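A quick write-up on the structure given underneath.
The values are calculated or read from the model by the stated rules, or taken from the named source; none is laboratory data. Here the structure is a predicted model, which means the values were calculated and not measured. Here Cβ is always computed from backbone atoms with ideal geometry, including for glycine, and neighbour counts include all displayed protein chains. Each accessible area value is taken on the protein alone, full model and side chains, heavy atoms only, with ligands, DNA and RNA left out. Shrake-Rupley method; radii C 1.70, N 1.55, O 1.52, S 1.80 Å.
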Amino acid sequence: MSALAWLMWRVLQKKRNQPRPAIVWTANIASAGLFGVGHIPAAAAFLTLSAPLIVQIVLVNALAGIVFGWLFWRRSLEAAMVAHAMAHVVFIAGTFLGIIQG
């Protein structure tokens, strides 16, 4: 996210001291999409993938990625990392308890 935001900032807003929020949000959404797509191989290791399941995996993880990106932008890398780790803890606990079907 930061590399994409920096690149867009340098190309589109050379004279500003910092990127506009629109640039950061664009970088966040684009990287969140890649974050969602990046979870397909892990899901494929455990599940039989279908088109609707792939869409669900990408969308759910991209939405989480937007939240993690916002935390990174507004708080810190550590906040985003802790939120990501806690999402995994909640998912594993929910799966173990039968609340979430994985």
In region 1-22, the residues that are part of a helix (DSSP H, G or I) and more than 19 Å from residue 67 (Cβ to Cβ)
3, 6, 7, 8, 9, 10, 11, 12
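Does residue 94 fit the bill of being modelled with pLDDT under 95 and either touching a strand residue (DSSP E or B) at 6+ places or on another chain (Cβ under 9 Å) or not in a helix (DSSP H, G or I) (or both)? Please lay out each step first, then the result.
Values: modelled with pLDDT under 95: yes; either touching a strand residue (DSSP E or B) at 6+ places or on another chain (Cβ under 9 Å) or not in a helix (DSSP H, G or I) (or both): no.
In short, no.
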When the residues of region 61-102 are filtered to those that are over 11 Å from the mean Cα position of the chain (by Cα) and touching a residue at least 24 places away in the same chain (Cβ under 8 Å), which remaining residue is surrounded by the fewest Cβ atoms within 10 Å (Cβ to Cβ)?
102
With criteria (1) of a type in the set (A, V, I, L, M); (2) open to solvent by less than 40 Å² (accessible area, probe 1.4 Å); (3) under 25 Å from residue 6 (Cβ atoms), residue 57 comes up short on (3)
Please identify the pairs in which a residue from region 38-52 that is in contact (Cβ under 8 Å) with a residue 24 or more places away in the chain and loosely packed, with under 12 Cβ neighbours inside 10 Å has its Cβ atom under 7 Å from the Cβ atom of a residue that is outside any helix (DSSP H, G or I) and among the aliphatic types (A, V, I, L, M), counting only partners at least 6 apart or on another chain.
none
Can you name the number of the only condition in (1) open to solvent by less than 40 Å² (accessible area, probe 1.4 Å); (2) small (Gly, Ala, Ser); (3) within 21 Å of residue 74 (Cβ to Cβ) that residue 30 fails?
(1)
Pull up region 31-52, narrow it to residues that are in contact with a helix residue (DSSP H, G or I) (Cβ under 7 Å, 6 or more places away or on another chain) and part of a loop (DSSP other than H, G, I, E, B), then point me to the one that is nearest to residue 65 (Cα to Cα).
39
